[in-house]
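What follows is one structure encoded as C-alpha cells, with my remarks underneath.
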Amino acid sequence: MTRRGGYDGELAIRVVRDGDARIVLTGVLDPPASRLVHDALVALLRDVDRVLVDITGLTITRTSLLHVFPDALDAAGGWPAVRLALVYRGETMRQALHASRVTRRVAVADQPDLALLRCAEQPRQVRARWELPADRDTPHHTRSMLGMRLANWSCPDIAAADVELVLSELVTNAVLHAGTQVHVGLLLDEDGLRVEVRDFNPTQSLPGSAAMTGMGLRIVQSLVSRWGVDSHMDGKTVWATFRRNHHHEALRFDQDH
C-alpha cells in the first residue's frame, strides 16, 4: 500500500513477512510529512510484531523531525510491546540520528538484518504512558500495568515494590483530590526511573508540599531520590525519580557505526 503526503516523495508500506512490516520512506521529511508518518507508523505498530523503516532515501528539513520515530513507538505502546528499527545510509544521516538522540530510543543500523536484531534489545531509554479515568479502581489498574511493564524492562537495580507504592500513592492522590482523568508516565534510562502523574484540575495546580500530605508525603520522600510538582494552566504533574544503583553499559545500537 502506498500513501502520499504533503512532501516531495511518497510513503510506501508493505508487509514483507509474517508478523513484520517494512516501510520505505523517500523524499523530504517536513512537518506535514512527519504527521503522516507518525499516524501510519502507530497504526502499523499496533498490528504487527516489528516494523522496519527504510530511511535510506529520506531527506530531512531539520533534525528534530526524526523524533517522529521514537514518538510513534511510544504512542503505539512502547518497547517491548512494539518494536521499531531504522535503516539509514550515509554519514550525514548517522550524525543526525545521534544528534537528535533518536538512537537512545530506537534501534538503528545501516543494514536491515542488523536493525531487526537490534530492535530486540532494550533501548537505553524506554517509556510508557497510560490514560486512566478518575475512579476508585484506577490505582489498582495502575499497579497491574506497572508490574507488567517493569517485568518486561531490565531494571534489576530498582526496587519494583518501592515504585509500586509511590506510584499508587501519586495516582490515589490525583483521583481523590483532582477528580479528573489521570495520565501516568514512566521513563527508564541509565540514570534511573521517573514516574509522573498528570491531572487536569486547574484549581489543584499549585506546586509544593500541599500536593501530598501526611503519610503519603512521608512514603514518597522516604523511597525516592527526588520528587516535585510541575504546574500547568489546566492542572499539575507530580513526579518522582528512583536512582539506579549502577550504570549499565550502553547497548550496541546506540554506538557509532
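Is it the case, given these coordinates, that L206 is part of a loop (DSSP other than H, G, I, E, B), over 17 Å from the mean Cα position of the chain (by Cα) and modelled with pLDDT under 90? Taking the combined requirement at face value, the residue satisfies it.
Of everything in the range 121-156 that is part of a loop (DSSP other than H, G, I, E, B) and of a type in the set (D, E), the residue that is nearest to V175 (Cα to Cα) is D135. Looking across the range 113-170, not a single residue is acidic (D, E), under 21 Å from R101 (Cβ atoms) and without any contact (Cβ under 8 Å) to a residue 40 or more places away in the chain.
Answer with yes or no whether E190 is within 18 Å of G78 (Cα to Cα) and in a loop (DSSP other than H, G, I, E, B). The answer is yes for E190.
The values are calculated or read from the model by the stated rules, or taken from the named source; none is laboratory data. Model, not experiment: these values are computed from the prediction. For neighbour counting, all protein chains shown are included, and Cβ atoms are generated from backbone atoms with ideal geometry for every residue, glycine included.
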